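What follows is calculated from the coordinates using simple rules that are stated; it is not laboratory data. In this text, all values refer to a predicted model and were calculated from it rather than measured experimentally. Cβ atoms come from the backbone with ideal geometry, glycine included; neighbour counts cover every protein chain shown.
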């Protein structure tokens, strides 16, 4: 069910031709290398790998230096219309391809390095002159020449800016000094201090304690603080202008190099990935080999493409080949909802691919919870818009939500709802199931509590029955998987009893309800309101299956251990676990089934929200049309997200947990998918 058959292939070629094998693998693509192969590298392909790694690092660094986005943002693509340009590369070999990439990349990379170096220098010059300006700003109005302070031999003299609150303390700390001060601002003063050389240590200690720094002007600057400040300001302006000029050149380079640089980056990244896999070439001295998995449908194509070398193929049994990957191949419809399955994981071994079931059930659940023609139409139109402007997985998600929007339209027709207005007002299609009662004579006047309740009751009942069918399918698939694994003990002592226990438990529950919510179902001959069969017959058949199923779950493994069919565990331990198993199954089945009521609840919540909007925003008043539209758009966006989450929850936590662990390893192409490049091999 959606899992492709695989063939294990081993390719053996002379080492002199092994680079051609790597080229053929790039053209074939659908080749999943065997994990854990011998780590002996082919020298020729190893050399290509090293070159690809070097070129990728070079392109990646250049892209980072230019601040290029590797991929445009989703919002840019959807609302900005940003496209991803594709670049064509032609080559005869990997060596030829990498040389062409190197020839294109080298001048771009060198130019980017030059611009980066120039920018770093301009930024450093600007920062240095800005720091010097900050140091000189306080004394920029002082015009005396400080030359010679550092050339004294018998004295030590310094100039420093001192806060006025520290001025007296500084003067008193070195009473023997020549101390001159001049205010340069309201908070600070410029101080000149001179002491004999023997007292130089006292001066240094005082300045350190008071956290004062000597006023230092670079040697190549005028030693007049005012002139030094003016020169620093001029150099700062020049450095800022240079920085702006270089930034402008970088912006031009970003525009010029973005497409070719990102294309080469993607090319070298993909080449690095493939060559890193292909260089693992076995232990033979003159021959190289590589093993992997391919889709069985491409066997003939593989033999034709690689026919010049030795090829060994063998069919893969997915149930027994533990290391084999899983290649999911669904119909065009089913592939839309493969993303939901992959949320749990790829199927592995004997696991059944649930995608075909999900592809019908998921949109049906969404439509049931979001049944509104108007909301579904808005969602579908928006997703059509999104899918036309996106690629890859985003387009897959858009396709999925497009289908769910169409499902919402279908159920909206069944419920006769158009933004919770009567659909009959717009098209003469009567509702099949009416969940909202509209007062007679005024089709758009509502009662908050729908009356009569038949439509709501029907939706609630259907949601429970749908849940029963969904869970029964999951338990049935669990039985089928156990049968495929040939695990008879699990099949007969756990899987089948769990299925029969659930089905018979549902039957007993229906009899319990039909008997007036009494456990004495065997004395209720009245017809069951849902099945039309006497309650006592339904109850008797259900109990006849339910009780043995519970007994098998409780004591089956204990009996098997006592009979020697199971080697592990003890009888007492198995009975204890069996009791817990029965209790857990009962509580789990009840909670799982009740959980499907959300199918009806979400529909009623959706209806209630729009009922409030429609009652508070009557369309008879034109001034309310714009708020009505805005609130409906918000409700559609909010509800679509909530309904998707609830739908996903029903599958991941209620359905998949019954049979599907998703333990498979996804099939991985040896040559990754590319968005920016196309390689034409000659």
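When each of the peptides 50-59, 659-668 is scored by the mean number of other C-beta atoms lying within 10 Å of its residues, the order from highest to lowest reads 50-59, 659-668.
Judged by the ratio a/c of the largest to the smallest principal axis of the C-alpha gyration tensor, the stretch 539-608 counts as prolate, that ratio being 1.5 or greater while a/b is larger than b/c. Name the shape class, rounded, prolate or oblate, that the alpha-carbon gyration tensor gives for the stretch 1-100, where a ≥ b ≥ c are the square roots of its eigenvalues, rounded holds for a/c under 1.5, and otherwise prolate holds if a/b is larger than b/c and oblate otherwise. Cα axes put the stretch 1-100 in the oblate bin.
Restricting attention to the chain, close to 85% of DSSP beta bridges with both partner residues there are antiparallel. When peptides 69-75, 113-119 are sorted by average Cβ neighbour count within 10 Å, with the highest value leading, the order is 113-119, 69-75. At a Förster distance of 35 Å, what's the computed FRET efficiency of residue 533 paired with residue 301, Cβ-Cβ distance as r, to 0.05? Once rounded, the FRET efficiency stands at 0.05. Temperature 20 °C, viscosity 1.002 mPa s: under these conditions the Stokes-Einstein estimate for the stretch 68-125, based on its Kirkwood radius over C-alpha pairs, is 145 µm² per second. Name the shape class, rounded, prolate or oblate, that the alpha-carbon gyration tensor gives for the stretch 541-682, where a ≥ b ≥ c are the square roots of its eigenvalues, rounded holds for a/c under 1.5, and otherwise prolate holds if a/b is larger than b/c and oblate otherwise. It is oblate, given that a/c is not under 1.5 and a/b is not larger than b/c.
Relative to the longest principal axis of the Cα atoms of the chain, the long axis of helix 164-173 lies at roughly 60 degrees.
Each principal axis of the stretch 487-595 carries a Cα extent, and these read 49, 28, 23 Å when sorted largest first.
Counting other C-beta atoms within 10 Å, which of 100, 27 has the fewest, and how do the rest follow?
27, 100
Here the relative contact order of the chain, from alpha carbon pairs under 8 Å that lie six or more residues apart, stands at 21 percent. Relative to the longest principal axis of the Cα atoms of the chain, the long axis of helix 598-616 makes an angle of roughly 70 degrees. Ordering 369-380, 599-610, 78-89 by mean Cβ neighbour count within 10 Å, with the highest value first, yields 369-380, 599-610, 78-89.
Each part gets one Cα centre, and for the stretch 42-118 versus the stretch 554-626 those centres are 51 Å apart. The helix-only estimate of mean residue ellipticity at 222 nm for the chain, built from DSSP H runs of length n ≥ 4 each weighted as -39500 (n - 2.57), is -19000 deg cm²/dmol after division by the residue total.
For the chain, the longest principal axis of the Cα atoms and the long axis of helix 373-389 meet at an angle of about 50 degrees. Semi-axes of the equivalent ellipsoid of the chain are 70, 42, 31 Å, computed as sqrt(5λ) over the eigenvalues of the C-alpha gyration tensor in descending order.
In terms of other Cβ atoms within 10 Å, 42, 102, 30, 673 run from fewest to most in the order 673, 102, 30, 42. I need to check one value: relative contact order of the stretch 487-595, counting alpha carbon pairs closer than 8 Å and at least 6 residues apart, in percent. Rounded, it is 23 percent for the stretch 487-595.
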